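These notes concern the structure reproduced below.
The values are calculated or read from the model by the stated rules, or taken from the named source; none is laboratory data. Keep in mind that what you see is a predicted model, and the values were worked out from it rather than measured. Note that we place each Cβ from the backbone using ideal geometry, even for glycine, and neighbour counts take in every protein chain shown. The accessibility values were calculated without ligands, DNA or RNA, using every heavy atom of the protein model including side chains. Shrake-Rupley method; radii C 1.70, N 1.55, O 1.52, S 1.80 Å.
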Amino acid sequence: MKLISFIIPSRNNLCYLKQAYYSIRKNTLYSHEICIADDASTDGTKEWVQSIIDSGEDVCLKLYINEGPERLGHTILFDTLINEVSTHDRVIIFHADMYFCPKADEEIDKYLEPGTVVSLTRIEPPLHPDGPEKILADYGIEPDEFDEKQFLQDLPKFNQNKTTEGIFAPWAIMKSDFQSIGGHDPLYAPQSKEDSDIFNRMQLNGYKFIQ
């Protein structure tokens, strides 16, 4: 298993961020690096992350702080974390409101190599239209509603044992590949929308998409 750096910007999402962080630590057997960017939050995000770092209980947790008062947006902070904070050759774009499933890192490891982008299929409640990059299933919307026990029991039934050509977050890439195409376009900052142009540039450079 090759280690990976999780890239997680967050702004006033502490309740979700805690769930995301603990899901990574609980559901992986390896000391992956978790790089968090606090985007001028006012909900105690940086204090919570810093407390874990200061305690010494997680030496693979890193924090970047935008003191604000203006937010930078995750388009900028994805790239800042990858270029200035992460230390591994592999990175995964991960949103603060996501839950990392058991052994998902092992699946990424099977396929991630230079010239590839590996995307995990999302399982999410039916808040948005269906699509090939997701499976709709309702296990709660807010962190305190999340039925983790039932979700983990049901998880095997969602395993389709196949790959497709889809791409959406969370997606993993070699850091050098990400940097070679210039990362995200700052034109989209500080909006919370995805920079889909990055996928076009990946395609133009011949990258293979694996979901």
Checking E145 against (1) closer than 27 Å to C35 by Cβ; (2) of a type in the set (D, E); (3) surrounded by fewer than 15 Cβ atoms within 10 Å (Cβ to Cβ), the condition it does not meet
(1)
Could you list, in sequence order, all residues of segment 143-168 that are in a loop (DSSP other than H, G, I, E, B) and at pLDDT 90 or above?
F146, D147
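Residue-by-condition table, conditions (1) open to solvent by 30 Å² or more (accessible area, probe 1.4 Å); (2) among the small types (G, A, S); (3) within 18 Å of N27 (Cα to Cα):
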| position | (1), (2), (3) |
| --- | --- |
| I108 | no, no, yes |
| V118 | no, no, no |
| H128 | yes, no, no |
| E165 | yes, no, no |
| G183 | no, yes, no |
Please indicate, with yes or no, whether at least one residue in segment 41-49 is within 22 Å of E142 (Cβ to Cβ), open to solvent by 60 Å² or more (accessible area, probe 1.4 Å) and under 15 Å from the mean Cα position of the chain (by Cα).
no
Of the residues in segment 132-141, those that are touching a helix residue (DSSP H, G or I) at 6+ places or on another chain (Cβ under 9 Å) and within 28 Å of R90 (Cβ to Cβ) number 1
Does K2 count as of a type outside the set (D, E), in a loop (DSSP other than H, G, I, E, B) and touching a helix residue (DSSP H, G or I) at 6+ places or on another chain (Cβ under 7 Å)?
yes
In the set D58, D89, which member is under 24 Å from C101 (Cβ atoms), in contact with a Lys or Arg (Cβ under 7 Å, 6 or more places away or on another chain) and open to solvent by 10 Å² or more (accessible area, probe 1.4 Å)?
D89
Would you mind stating whether F151 is of a type in the set (A, V, I, L, M, F, W, C), surrounded by fewer than 18 Cβ atoms within 10 Å (Cβ to Cβ) and touching a Gly at 6+ places or on another chain (Cβ under 9 Å)?
yes
Segment 1-40, residues that are farther than 13 Å from D58 by Cβ and within 13 Å of the chain's Cα centre (by Cα)
I4, S5, I7, I8, P9, S10, Y16, L17, Q19, A20, S23, A37
Residue identified as at pLDDT 95 or above, surrounded by fewer than 18 Cβ atoms within 10 Å (Cβ to Cβ) and in contact with a Ser or Thr (Cβ under 9 Å, 6 or more places away or on another chain) among P132, P114
P114
Report every pair of residues separated by at least 6 positions or lying on different chains whose Cβ atoms are under 9 Å apart, first residue within segment 130-141 and aliphatic (A, V, I, L, M), second open to solvent by 40 Å² or more (accessible area, probe 1.4 Å) and part of a strand (DSSP E or B).
I135/I123; L136/I123; A137/I123
Here are some conditions: (1) surrounded by 15 or more Cβ atoms within 10 Å (Cβ to Cβ); (2) in contact with an Asp or Glu (Cβ under 9 Å, 6 or more places away or on another chain); (3) hydrophobic (A, V, I, L, M, F, W, C). M1 meets all but one. Which one does it not meet?
(1)
Has segment 28-44 got any residue that is at pLDDT 95 or above and part of a helix (DSSP H, G or I)?
no
Is it true that some residue in segment 118-131 is of a type in the set (V, I, T) and touching a helix residue (DSSP H, G or I) at 6+ places or on another chain (Cβ under 7 Å)?
yes
